[in-house]
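The values are calculated or read from the model by the stated rules, or taken from the named source; none is laboratory data. Just so you know, these numbers come straight off a predicted model, no measurement behind them. Don't worry about glycine lacking a Cβ; one is built from the backbone with ideal geometry, like all the others, and counts go over all protein chains shown.
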Amino acid sequence: MSAAGLYNYWIVILLMMAGFYVVISSGNLVKKIVGLNLFQASVFILYISMGKVAGGSAPILREGVTQFSNPLPHVLILTAIVVGVATTALGLALVVRIREAYGTAEEDEIHQQDESL
Amino acid sequence: MRDNPVLRVVTKITLPLIFLFALYVQFHGDFGPGGGFQAGVIFAAGFILYGLVFGTEALRAAVPAAVLRLGIALGLMLYAGVGVVTLGLGGEYLAYGTLAHTAAHGQHLGIFLVELGVGVTVAAVMVAVFLAFAGRADP
Amino acid sequence: MLIEAINIVLLGMLAVTALAAIRLHDLFAVVMLFGIYSLLAAVVFVVLDAVDVAFTEAAVGVGISTVLMLATIGLAGRHEKRPAHRPLLPLLVVVVTGAALVYGTLDMPHFGDPNAPVHQHVVPRYLQRSADEIGIPNVVTNILASYRGYDTLGELTVIFTAGVGVLALLGLRRRRRERPGPGQSPP
């Protein structure tokens, strides 16, 4: 339970909380999506750092290497990265349509326009 | 950006290299880092660079919308189709061992086809999404 | 020892980039900082032996995501409105969540521990048997395309669906300003 062994995880939690803060506190829709991507990228770093084996190398079988880092988190995070960009593209397309419909990309102005109908 | 001669010339020189690198990553994914997703994204990045420097009209002329729609569907059909073929050949869905005379050869062939399908769909989707965003601006 | 030092420096740079992205209100700068963040994350992945993941993060995060965000701020506006009141409640939520997560990590195995539970069960089987069963050197491609092929089919379907969704929302046709003809009302 030493700090040196867990320092990585704590920094990554700081990064995750930074992204999370951007998502819940910013009023601009595009900045929310950027914050969501920051959050996602730091979750990826958390998973990959859990798969690292001290003294291991990249999981490609070759001569003279016996100790490998865990390839399973790599596969999961590959899928997660691509799914993340898919949802980002869809979210940004929605923001573009919202901007065209309401004239603004700020959350409170959109609420105002909806409530005044 | 079309008027900038440096950008024009450098783009024309580097575009074949980008596409070649994308094909290299696609087929060398068995021996080093790489594979379908990375190759598809790099391939799309080449087209996006062309669209950024020469304009979206030039990109639409180079890659018509029908080709993009075909590409989006074709890769997924290839992947799912490999599974159906293995079903027909007597194995389970996506059991590549039935595709060739030995199991290891079947795995090689199956992984090759599957990664090709992934690369085609990813490239087509990325270019189509870029064109959808870029074409939305007022002319 | 050098690897730990590189790791610490990179994670520090990531933290600075993320905190700067929170504070800025010019969205162009925020998107560029996001691109830098993705590139630093890709370097961290290389240091952590995840070369496939680094490749994908560099291509997708720095390339596609940044380009799409720039296109969106070109269409939706470049400046964020400054908030009217100080966001104390989000800060409280974030601090509480972060504290809960840090408390959760106290039970985790140390960074780099080869006896961690995640390295047991199925992964040694993949590493040892994939040379005979499949014969491809890149174990990540093996697992992605063969051992966990269904998940990759699902992932491809997600990309396909996102592509279809964006085309349904925005369309591929050129957006012309429609001029009303004689006797028609404006759109």
It is to be established whether one or more residues within the stretch A:35-55 are within 30 Å of B:Gly29 (Cα to Cα), touching a strand residue (DSSP E or B) at 6+ places or on another chain (Cβ under 6 Å), among the basic types (Lys, Arg) and in a loop (DSSP other than H, G, I, E, B). yes
Filtering the stretch C:127-144 for residues that are buried (at least 21 other Cβ atoms within 10 Å of the Cβ), part of a helix (DSSP H, G or I) and more than 7 Å from chain A (Cβ to nearest Cβ) leaves a count of 3
Of all residues in the stretch A:38-55 being within 7 Å of chain C (Cβ to nearest Cβ) and in contact with a Gly (Cβ under 7 Å, 6 or more places away or on another chain), the one that is surrounded by the most Cβ atoms within 10 Å (Cβ to Cβ): A:Leu38
I'd like the full set of residues that are hydrophobic (A, V, I, L, M, F, W, C) and more than 12 Å from the chain's Cα centre (by Cα), limited to the stretch B:74-87. B:Met77, B:Leu78, B:Ala80, B:Val82, B:Val84, B:Val85, B:Leu87
Out of the stretch C:147-166, which residues are of a type outside the set (Phe, Trp, Tyr) and surrounded by fewer than 24 Cβ atoms within 10 Å (Cβ to Cβ)? C:Arg148, C:Gly149, C:Asp151, C:Leu153, C:Gly154, C:Glu155, C:Thr157, C:Val158, C:Thr161, C:Ala162, C:Val164, C:Gly165
Scan (1) surrounded by 21 or more Cβ atoms within 10 Å (Cβ to Cβ); (2) assigned to a helix (DSSP H, G or I) for the single condition C:Asp49 breaks and write down its number. (2)
Would you confirm whether or not the stretch C:99-109 contains a residue that is within 7 Å of chain A (Cβ to nearest Cβ), part of a loop (DSSP other than H, G, I, E, B) and either within 30 Å of A:Ile98 (Cα to Cα) or without any contact (Cβ under 8 Å) to a residue 24 or more places away in the chain (or both)? yes
Under 9 Å between Cβ atoms, at least 6 apart or on separate chains: pull out the pairs that start in the stretch C:35-48 with a residue that is more than 10 Å from A:Ala41 (Cα to Cα) and end on any residue that is part of a helix (DSSP H, G or I) and of a type in the set (D, E, K, R). C:Leu39/C:Glu57; C:Phe45/C:Asp52; C:Phe45/C:Glu57
Which numbered condition trips up A:Leu90, out of (1) more than 30 Å from B:Phe133 (Cβ to Cβ); (2) modelled with pLDDT of 95 or more; (3) of a type in the set (A, V, I, L, M)? (1)
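For C:Leu92, indicate whether it is aliphatic (A, V, I, L, M), part of a helix (DSSP H, G or I), more than 7 Å from every other protein chain (Cβ to nearest Cβ) and more than 14 Å from the chain's Cα centre (by Cα).
Criteria met by C:Leu92.
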If you go through the stretch C:75-89, how many residues are surrounded by fewer than 16 Cβ atoms within 10 Å (Cβ to Cβ) and facing chain B (nearest Cβ under 10 Å)? 0
So A:Ile24 fits all but one of (1) more than 7 Å from chain C (Cβ to nearest Cβ); (2) within 15 Å of the chain's Cα centre (by Cα); (3) among the β-branched types (Val, Ile, Thr); what number is the exception? (1)
Among (1) part of a helix (DSSP H, G or I); (2) more than 9 Å from chain A (Cβ to nearest Cβ); (3) not hydrophobic (A, V, I, L, M, F, W, C) - the single one C:Tyr37 does not satisfy: (2)
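Every residue, every condition in (1) of a type in the set (Lys, Arg); (2) out of contact with any helix residue (DSSP H, G or I) (no Cβ under 7 Å at 6 or more places or on another chain); (3) farther than 16 Å from A:Phe39 by Cα, yes or no:
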| site | (1), (2), (3) |
| --- | --- |
| C:Ala20 | no, no, no |
| C:Leu24 | no, no, yes |
| C:Leu33 | no, no, no |
| C:Ser38 | no, no, no |
| C:Val44 | no, no, no |
| C:Asp49 | no, yes, yes |
| C:Ala54 | no, no, yes |
| C:Gly61 | no, no, no |
| C:Thr72 | no, no, yes |
Any chance you could count how many residues in the stretch B:27-37 are within 12 Å of C:Phe55 (Cβ to Cβ) and surrounded by fewer than 24 Cβ atoms within 10 Å (Cβ to Cβ)? 3
Matching option when the condition is outside any loop (DSSP other than H, G, I, E, B) and either more than 7 Å from chain C (Cβ to nearest Cβ) or touching a residue at least 40 places away in the same chain (Cβ under 8 Å) (or both), among A:Ala89, A:Ala101: A:Ala101
